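Scroll down for the structure; my scribbles are underneath it.
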C-alpha cells in the first residue's frame, strides 16, 4: 500500500513502546484488543485487529506508488547508547535479501516454514516474507509453544514443518527437550535448519545432524543493518571445525565484505581486524 511498518514486541516495556512510536512518527498502530487501552494513551490512532476484520474491506487492489528506495520497514535495535535506534530498510534491501536466501538450494526445496520469532526481531523476514514471495506455506507458532521447547518440538511434528530458523541458544534448549530417539522421530521432517543471531555451537550442530541426518544446517550471519543477514555457511557433517569457530561463510551476491585494520587497510589472512560490509543489502540509514 506504499507505507512502511515498524514491528514492536508487545512484551516490551510501555516506555520503550512509547519511545519507538514517537521516534518513528507512527500514525497508526495495529494491535490486539488486550493492548488497546495502554497504547491509546500514546498514539493518535489505534486500530484493533479482530477476527474477520478484513471481510468489511474492499477487495479492489490498492494502487501503490512505492519505489525500490522507499522504506519497507524500520527495525529498532538496542543501540550503542542504550536508547533504541531505528534501522531503515528499503524495498530494494528486502528484495535483494529474498533473492539471496532463495538462491540457497536447501531453502528452495522446502514447502512449509515455521514462523515463531517476534516480529520485532528481523529473524521474521527470513521465515515470513521470504516464503510468502516464493509460494511456500508459513505456519505461525503460538508464543506459549515456543517458550517450551518440548511443546515446540510437538508443534514442528504435527504441523509437518520443513524449515526452522532459531538462535544457537534455543537449539541447545531444543536438544535438551527429549531423548535423541524421541527427537529423531519427531524432527525427521525438518529439511533445513538456519542458525542466526548468535555464534553457532559446533557441538550442538553435530548432535542435531546426528538426529536429523537429512537436514541441511546453515549458519547465517549479518547485523540488522545489512537486512537480516548477508553471509552464510553450510555446516558439513564430519568436517573438522575448531571448537566454537564455524566459518561465517560466503558473502551474498551484489555485496562485499573486507577485514581491515585501524587504518582501514586490508589485513592478511589470520590477522585480527574489523569486518566492513557493503552492497545491496546495506540499510538506508538510522531513523533520527
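From least to most packed, judged by other beta carbons within 10 angstrom and beginning with the fewest, 75, 218, 202 follow the order 202, 218, 75. Just checking the listed ones, 239, 142, 18: in the Gaussian network model of the chain with Cα springs under 10 Å, the one fluctuating most is 239.
Within the stretch 243-284, list the residues whose amide N lies under 16 Å from a label point set 7 Å along Cα→Cβ of residue 104. Flagged as within label range: 246-253. Among 230, 115, the order by Cβ neighbours within 10 angstrom, fewest to most, reads 115, 230. For the chain, the equivalent ellipsoid derived from the Cα gyration tensor has semi-axes of 32, 26, 19 Å, listed largest first.
Of all the options 65, 262, 88, the one that moves most in a Gaussian network model of the chain with Cα springs shorter than 10 angstrom is 262. Entry note, the chain: the mean residue ellipticity at 222 nm calculated from DSSP H runs of n ≥ 4, each adding -39500 (n - 2.57), is -7000 deg cm²/dmol after division by the residues and rounding to the nearest 500. Comparing 209, 147, 260 in a Gaussian network model of the chain where C-alpha atoms under 10 Å apart are linked, the largest mean-square fluctuation is found at 260.
Binning the C-alpha pair distances of the stretch 133-196 at 10 Å intervals from 0 yields a P(r) profile of 20, 61, 18, 2 %, listed from the shortest bin outward. Rounded to the nearest Å, what's the spacing between the alpha carbon centres of the stretch 256-285 and the stretch 110-148? Just the number, please. Centre-to-centre (Cα) distance: 31 Å.
Note on the stretch 91-251: along the principal axes its Cα atoms extend 44, 36, 26 Å, ordered by decreasing extent. Taking neighbour counts of Cβ atoms within 10 Å as a proxy for exposure, in what order, fewest first, do 170, 258, 97 appear? Fewest-to-most Cβ neighbours within 10 Å comes out as 258, 170, 97.
As an exercise, use a Förster radius of 35 Å and the Cβ-Cβ distance of residue 55 and residue 95 to find the FRET efficiency, rounded to the nearest 0.05. Calculated value: 0.70.
How much of the DSSP bridge set in the stretch 91-251 is antiparallel, in percent, rounded to the nearest 5? Around 30 percent antiparallel, to the nearest 5. The length gained by stretching the chain between residue 77 and residue 261 to full extension, at 0.36 nm per residue less their Cα-Cα distance, is 63.6 nm.
For the chain, what is the percent of antiparallel DSSP beta bridges, rounded to the nearest 5? In the chain, DSSP labels about 55 percent of beta bridges as antiparallel.
The stretch 206-228 and the stretch 58-93 have Cα centres separated by 26 Å. Bridges between two residues of the stretch 70-141, per DSSP, are antiparallel at a rate of about 60%.
Bear in mind that the values in this text are calculations on the coordinates, not laboratory data. This one's a predicted model, so the numbers in the text were calculated from it and none came from an experiment. Backbone-built Cβ (ideal geometry, glycine too); neighbour counts: all protein chains shown.
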